[in-house]
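S.K.: Take this structure first; my questions come after.
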Amino acid sequence: MTTTMMRLRQHLGLASPAIYTSAIGRLGNNTPHRRRTSTAIFPSSTQKQLLLLVILLAPLLLFFFVLIPSSVLLPPARPRIMSSSASDSASSAAPFEKPRAVVNKVLAESQPEGQGATVRRSIGRHELRNLDPFLMLDEFSVSKPAGFPDHPHRGFETVTYMLEGAFTHQDFAGHKGTIKTGDVQWMTAGRGIVHSEMPAGDGVQKGLQLWINLSSKDKMIEPRYQELESKDISRAEVDGVEARVIAGEALGAASPVYTRTPTMYVDFTMRLGSRLHQPVPEGWNAFVYVVDGEGVFGREKAAPTAAHHCLVLGPGDGLSVWNRSDRPLRFVLVAGKPLGEPVVQHGPFVMNSRAEIQQAMEDYYYGKNGFERASQWSSSASS
Ligand code: FJE
Ligand code: FE
């Protein structure tokens, strides 16, 4: 190998076998010199034989223990397994090939919505309009008599997750229910739902509502509900990190929710001093919404993020989080496979083209194509 080639390889960081070979060669050249010196000190014949053996073996031993990198001879170090449980995959140093970094940070400011209600909108506000397949994330904070009286939906799913208090929904097909703290309602509106969503208790009722787009082939499917009571939500706790899995998997727990648009949705609570390394499927769009406390996301040296902020994550295979504050950190991590389709939204109708939006409005107005029951119905909650 020419020196130019060797330099090139070194420059490229290639562990050239030629570099090892030349190093062994240099050591080999030293051997005769050492042998000569040694024979003069130990003159007995047994000692001579022993010495000869040592001298012959020396380069070999040197080669094995010094020149071959330790990673070749020794099994990979496993401090994670020694330190504790399965949990360590959740708390060891950056285990991702491509850790996701925060690429955008948006404060969800309060705005009026529905009837007398207030929401902190993150996804869906003009700075964060499109995070395919997500259309909207509202953190709502509502007291009676405010709420979200009768309104339609078509072409997407709504996921309502109660943080505090209770909400009652009623729809035009007679479906009625109340979700309480920790419960989830996963509603696939499909071709059409008309419903009301109103606070059920006294005082402030809080939660998150996420809108997930449906692909063109699913936009006109029959509506469907998946409801999960708090006690039935898969939970895992590992090294001071608790996960409540609303969709997908985390820390070994999995959700039974069927997601037509592949989605992961996990509510994490991290004790002070804890850290988390959570895989997030590559190619999916992902964001974090901080519900409570303060956390460091993406890079260990990043500035901490406080509640009501939405962090959009860049590409990669996982997210690392550290809670270095003096109180618990609560956030949701949401990721979804992008649909890559045109999005045309008109309020509660989300379709692929303007013509389909026109059709949706007409169907709602005339009570057709899934909105048949709309005209005769009004919820008992509406006034
Ligand atoms: C809606 C206005 C609305 N965010 N968060 C227009 F208010 C709504 C709507 C909601 C909503 C409901 C809950 Cl329970 C929580 C929300 C907006 O209902 F769908 C349209 N189109
Ligand atoms: Fe709604």
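S.K.: Looking only at the range 223-277, how many residues end up being open to solvent by less than 70 Å² (accessible area, probe 1.4 Å), farther than 21 Å from Arg324 by Cα and touching a Ser or Thr at 6+ places or on another chain (Cβ under 7 Å)?
M.R.: 11
S.K.: Starting from residues that are at pLDDT 95 or above and buried (at least 20 other Cβ atoms within 10 Å of the Cβ), keep the ones in the range 365-383 and report whichever is nearest to ligand 1 (Cβ to nearest atom).
M.R.: Going through the qualifying residues, I end up with Phe371.
S.K.: Next up: For the range 194-212, name all the residues that are within 12 Å of ligand 2 (Cβ to nearest atom), open to solvent by 10 Å² or more (accessible area, probe 1.4 Å) and not aromatic (Phe, Trp, Tyr).
M.R.: If the condition is that a residue be within 12 Å of ligand 2 (Cβ to nearest atom), open to solvent by 10 Å² or more (accessible area, probe 1.4 Å) and not aromatic (Phe, Trp, Tyr), then Glu197, Met198, Gln209 are the ones that fit.
S.K.: From the list Glu341, Glu362, which residue is in a loop (DSSP other than H, G, I, E, B) and open to solvent by 10 Å² or more (accessible area, probe 1.4 Å)?
M.R.: Just a single option satisfies the conditions, and that option is Glu341.
S.K.: Being open to solvent by 10 Å² or more (accessible area, probe 1.4 Å) and either part of a strand (DSSP E or B) or touching a helix residue (DSSP H, G or I) at 6+ places or on another chain (Cβ under 7 Å) (or both) is the filter here, so list the residues in the range 213-222 that pass it.
M.R.: none
S.K.: Regarding Arg191, is this residue farther than 18 Å from Ala247 by Cβ, away from ligand 2 (no atom under 16 Å from the Cβ) and either assigned to a strand (DSSP E or B) or open to solvent by 10 Å² or more (accessible area, probe 1.4 Å) (or both)?
M.R.: Criteria not met by Arg191.
S.K.: Tell me, yes or no, whether the range 304-312 has at least one residue that is touching a residue at least 24 places away in the same chain (Cβ under 8 Å), outside any strand (DSSP E or B) and either more than 14 Å from the chain's Cα centre (by Cα) or surrounded by fewer than 18 Cβ atoms within 10 Å (Cβ to Cβ) (or both).
M.R.: yes
The values are calculated or read from the model by the stated rules, or taken from the named source; none is laboratory data. Predicted, not measured: the structure shown is a model, and the values here were computed from it. Note that each Cβ is placed from the backbone with ideal geometry, even for glycine, and that neighbours are counted across all protein chains shown. For the accessible areas, the whole protein counts, side chains as well, though only heavy atoms, and no ligand, DNA or RNA atoms are used. Shrake-Rupley method; radii C 1.70, N 1.55, O 1.52, S 1.80 Å.
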